[in-house]
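The block underneath contains the structure these notes are about, expressed in structure tokens.
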Amino acid sequence: MTASIKNNAQKKKPVILLVIDTLMDPPLQKAIKEGQAPAFKFLIENGMYFSDVVSPFPTMSVNVDTTILTGTYCNEHQLPGLVWFNNTENRLINYGSHIRELWKLGLGRSLEDILYHLNDTHISKNVTTIHEELEQLGKESASINVLVYRGNTTHHYKLPKLLQWLTGLKENRPVKASKVFSYGALKKVSPSKKYQRIWQKLGFNNSFSVQELTHLMNKGELPAFTMVYLPDLDQSVHKHGRMDVEGVTKVDKQLQKILNQYHSWEEAIREHIWITIGDNGQAWIDSNQEEAIIDLRELLGSYRIMKLKKGVQPKDQLVLAVNERMAYIYTLDSETLPIKRLVKEVQRDQRIDVIAWRDEEMIIVRSGEQKGEIRFSPNGDFFDTYNQTWFIEGDTGLLDITIEDNKLHYGNYPDALARIHSSLHSHEGNFFIVSAKPGYEFIGEGSPTHVGGASHGGLHQQDSLIPMIITGTQIAPSHLRLKNLKEWILSLIS
């Protein structure tokens, strides 16, 4: 079957954004070199390739998706990460770190957060998404399997009866999404029943995403902008490690299915602009479990930490929000248990390379690995690659920053100042952040572990740098950050 595209009324080519969870440059290059990724090779050879696009921090998919769609870091869009503590509601929010944690927090409450609150109330109303802006311009857009999808069109999920029974969730509750909206088995555009069983994660898999996209193609119903999420590589890299070439090869076969909808692959790139990106990287994790795992419950064991099942109790002192290789640590009484005291506790662990917190208008950074301190704030005499200006003093080596002629150069921590600043201003509460060195990850009460594999969430470049392939246009974003994609994508369409 060959795609038939109705774009006569559109002056510009439709844009297709393929977000491949945990696509990284080293295994991609190896797969291409070994002849295992012909689709990726074709897109690169017929377009532009960038190996080092910067992901937001924490490097978790919901934060990344929101940054792509809003063009802002989390200090503006206010979705702090996969796991965070809602100070207003006095409860931990978890969008799906592990079923153990969701079950303890209450499966119904957690699914309500994932399916409704994430997009409807947790993302700031002061930012707009690509979907919202395109609809205001009279153009349509599509979202396929993307966790963040906020738009102006009302849709309803089709919830399985078993899920309703287990959780108490009711049908016919509206969500606002893009004009064309697909979200696993809960909301689809194709009539097919394939790839949507419970053991297939209810459609949250690559095959379903590709099926939905190709359905739109062959119906001639692709809108001006389509964002497609391909999730499978993430779990494969978690298990097999950073150089998971086999996982990349499987993704390439899915790309081939998409390109094969056309008479030729050349026709595909003539008809559309293709943007193929990762969302975050993953850092390697040591194979020795005792060495690899930083258990925050042990590190802060002298304090009373909130239990997931019980929620905040009167005597609780701390809340842990673990985002794999990054964590938000909250003090529930900053007067009797100030952040500086807690910082001294975690600083004892040399596996933690970044510890940061707010001190009035300043941000202070320390490390468990090195001595010294950095103090910084926006708007100063130093400027960086992204035309951001900063006041900064102290040991800049803690963040691998060098300064030459008042210009900041980032090393192992790309766009470090803006990304740390964003996470510390992403939501209300008394908290600080920790990020682990490559080789290590944090755990709390029910966190997943990836010993001997790979993990993400952290500030390090292994978590933060992802590749981007642009095919079908010679125009590139102003800066190589996912934050800069929105403005660029809108310029390609409108």
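The values are calculated or read from the model by the stated rules, or taken from the named source; none is laboratory data. Because the structure is predicted, anything quoted here is derived from the model rather than measured. For neighbour counting, all protein chains shown are included, and Cβ atoms are generated from backbone atoms with ideal geometry for every residue, glycine included.
Computed quantities for the displayed model
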{"quantity": "Given (1) under 22 Å from N172 (Cβ atoms); (2) in contact with a His (Cβ under 6 Å, 6 or more places away or on another chain), index of the condition Y116 fails", "calculated": "(2)"}
{"quantity": "Listing of strands (runs of 3 or more DSSP E) fully contained in segment 276-377 that carry 1 or more residues being under 28 Å from the mean Cα position of the chain (by Cα) and of a type in the set (G, A, S)", "calculated": "318-323, 326-331, 352-359"}
{"quantity": "For K407: the one exception among (1) closer than 20 Å to P378 by Cα; (2) under 18 Å from the mean Cα position of the chain (by Cα)", "calculated": "(2)"}
{"quantity": "Strands (runs of 3 or more DSSP E) contained entirely in segment 427-494, each with at least 3 residues that are assigned by TED's automatic domain parsing to the domain that holds S236", "calculated": "465-471"}
{"quantity": "Complete set of residues in segment 262-275 that are more than 29 Å from H456 (Cβ to Cβ) and either assigned to a strand (DSSP E or B) or not acidic (D, E) (or both)", "calculated": "Y262, H263, S264, W265, A268, I269, R270, H272"}
{"quantity": "Contacts under 7 angstrom Cβ, first residue in segment 424-443 being more than 16 Å from L299 (Cα to Cα), partner among the small types (G, A, S) and in a strand (DSSP E or B), 6 or more apart", "calculated": "L424/A356; P438/A283"}
{"quantity": "Subset of segment 247-295 [within 20 Å of L233 (Cα to Cα) and β-branched (V, I, T)]", "calculated": "V248, T249, V251, I258, I275, T276, I277, I285"}
{"quantity": "Residue selected from segment 412-452 under the condition buried (at least 21 other Cβ atoms within 10 Å of the Cβ) and within 19 Å of R100 (Cβ to Cβ), by the criterion modelled with the lowest pLDDT", "calculated": "S447"}
{"quantity": "Listing of helices (runs of 4 or more DSSP H) fully contained in segment 15-134 that carry 3 or more residues being touching a Gly at 6+ places or on another chain (Cβ under 7 Å) and not β-branched (V, I, T)", "calculated": "99-105"}
{"quantity": "Test for E271: is it of a type in the set (D, E), without any contact (Cβ under 8 Å) to a residue 40 or more places away in the chain and out of contact with any Lys or Arg (no Cβ under 6 Å at 6 or more places or on another chain)", "calculated": "no"}
